[in-house]
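Asks: Before I ask anything, let me first share the structure, which is written out below as structure tokens.
Where a number appears in this text, it was derived from the coordinates with a stated rule and is not lab data. For clarity, every value in this text was computed on a predicted model and none was experimentally measured. When we count neighbours, we look across all protein chains shown, and the Cβ atoms used for this are built from the backbone with ideal geometry, even at glycine.
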Amino acid sequence: MATIPVAVAALLAAAGPAAAGTSGSTGAGDPYFPLAGNGGYDVRHYDLTLGYDPDSRHLDGKAVITARATQRLTRFDLDFKGLKVTGITVGHTKADFRRDGQELVVTPRHTLHKHQEFRVTVTYQGTPKPVTDPDGSLDGWIPTDDGAFVAGEPQGAMTWFPANNHPKDKASYDFTVTVPKGTTAVANGVLRGQRTSHGHTTFRWRAAEPMAAYLATATIGKFKVEQYTTPDGLKVYNAVDPREATAAAPVLKKLPSVLAWESSVFGPYPFKGAGSVVDRAPQVGYALETQTRPLYDRAPSLGTLVHESAHQWFGDSVSLTTWKDIWLNEGFATYAEWLYTEQHGGKTAQQNFDALYASPADSDVWAFPPANPGSGAHIFETPVYSRGAMALHKLRTAVGDKTFFDILRTWAADHHDGHGTTAQFIHLSQRLSGKDLHALFHTWLDTSGKPASP
Ligand code: ARG
Ligand code: ZN
């Protein structure tokens, strides 16, 4: 009997089907962002400890990730781009790792068995840089003149912490962020404590409800902070760049009434903690519905505040399972703006619909069907927002107000802290209305070009 040399045996084992079958996949299967997320495990909690110096732009980080294996794992990936990794442990044992683009490939010393809960600790440091999205916008850790604007949709979370970077995998978060005294670090959820010593302040935040990685923030700057509890018992924390304060004040003052109005229309506010971060970040060009605490690149308009607040229900509490379904976020948040103006003495939703329908056939509005943007480059374009809202308005006129608002509330309630798909939304609409709505949704969500009749 021939003996196989040890080195050859190891090679065979590494290359064999058994080995391949126990590696977590490099992506979550999203056609628009194939490398986003990873397979083989499910994150329960991220505990992030960060230190940032706005002058040198140096970040020190430690991420403790608690996850559960969904298969036997000899190897798994995290998404992490840029920063230098200084060490990884799985449990108490040092793990091997290598970098491959945005994939951080971790090989634990001991194989993880299916359903095993495990803890990965990643230490890292360096100068974080944002990524440029397929649409050309910046996303991730975006330095500002006094700190950083930290927004992760769709891909940027991986620029500042190692993550399972796809909304399919939601988790709770703790943040401990240390910055120079006089600077404020604002994350999601509720502020648990703040301590200054030796010229530095440490802020501790907790986001208790499950959150997609792209909705996490640790925005840093010289902010004016305002904290209060609303008549509904909601804890509000607003952080505002003083240069934006005068313009922001009249809009921010409306936050409690906007959230109360949205709660009356969509159902109970889904999270502990609320508020806003108003930064001055002219290089960004968008606001983001960071969970519990939307992030604005400048003083927002009331419409933008209503929009980002509505995302707390639609997009944050009810998350996407695939980026192709982005109209479930943006169409809903846009329609919330239409409803708000309608119920506050402005244009009716019908007027907004009619004005858009009047757009000529070659207008941007009709560039592609909202439920099929075609690629990650188009997920934040007009059809997703405007025609997505038009689809909801068509639903409303088809089923009547009572059923329509019942559908919105049931959607938010049934999928809260979870996920929803376009097919599930259509199914719910049919069930609650008792109507066949396939043709309506097909026309407004899936058909190219301007629909023949409004
Ligand atoms: N979700 C944000 C909004 O409500 C838009 C984010 C745009 N992000 C980007 N990388 N272009 O409107
Ligand atoms: Zn939006």
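Asks: State all residues of region 197-219 that are under 21 Å from GLU308 (Cα atoms) and part of a strand (DSSP E or B); if no residue qualifies, say none. Outline the logic, then answer.
Replies: At the first step, the residues of region 197-219 found to be under 21 Å from GLU308 (Cα atoms) are 205-219.
Answer for region 197-219, where residues must be under 21 Å from GLU308 (Cα atoms) and part of a strand (DSSP E or B): TRP205, ARG206, ALA207, ALA208, GLU209, PRO210, MET211, THR219.
Asks: Contact list please: Cβ distance under 6 Å, first residue in region 54-70 and closer than 27 Å to GLU117 by Cβ, second residue of a type in the set (Asp, Glu), pairs at least six apart or on different chains.
Replies: VAL64/ASP47; ARG68/ASP42; ARG68/GLU117; THR70/ASP42
Asks: With GLN227, GLN194 as the choices, which residue is closer than 20 Å to TYR173 by Cα, surrounded by fewer than 17 Cβ atoms within 10 Å (Cβ to Cβ) and of a type in the set (S, T, N, Q)? I'd like the intermediate steps shown before the answer.
Replies: On the way: GLN227 fails: closer than 20 Å to TYR173 by Cα.
Going through GLN227, GLN194 in turn, the sole match is GLN194.
Asks: Considering only residues that are assigned to a loop (DSSP other than H, G, I, E, B) and in contact with a strand residue (DSSP E or B) (Cβ under 6 Å, 6 or more places away or on another chain), look in region 128-141 and name the one that is nearest to ligand 1 (Cβ to nearest atom). Outline the logic, then answer.
Replies: First pass over region 128-141, keeping only residues assigned to a loop (DSSP other than H, G, I, E, B): 128-130, 133-137.
Going one step further and asking which of them are in contact with a strand residue (DSSP E or B) (Cβ under 6 Å, 6 or more places away or on another chain), we end up with 128, 130, 133.
Numbers: PRO128: 16, PRO130: 10, ASP133: 5 Å.
Top of the filtered list is ASP133.
Asks: Moving on. Between ASP316, ASP354, which is among the acidic types (Asp, Glu), in contact (Cβ under 8 Å) with a residue 40 or more places away in the chain and closer than 25 Å to LEU138 by Cα?
Replies: When all the criteria are applied, what remains is ASP316.
Asks: Then there is this: Filter region 142-153 for residues that are within 13 Å of ligand 1 (Cβ to nearest atom) and either in a strand (DSSP E or B) or out of contact with any Gly (no Cβ under 7 Å at 6 or more places or on another chain) (or both); which is farthest from GLU103 (Cα to Cα)?
Replies: By that ranking, first place goes to PHE149.
Asks: Give region 258-304 a look and list any residue that's hydrophobic (A, V, I, L, M, F, W, C) and touching a strand residue (DSSP E or B) at 6+ places or on another chain (Cβ under 9 Å), or say none.
Replies: Passing the criteria: LEU259, PHE266, PHE271, ALA274, VAL277, VAL278, ALA281, VAL284, ALA287, LEU288, LEU295, ALA299.
Asks: Select from region 306-338 the residues that are within 10 Å of ligand 2 (Cβ to nearest atom), among the hydrophobic types (A, V, I, L, M, F, W, C) and either part of a strand (DSSP E or B) or closer than 18 Å to ALA377 by Cβ (or both) and list them in ascending order.
Replies: PHE314, ILE326
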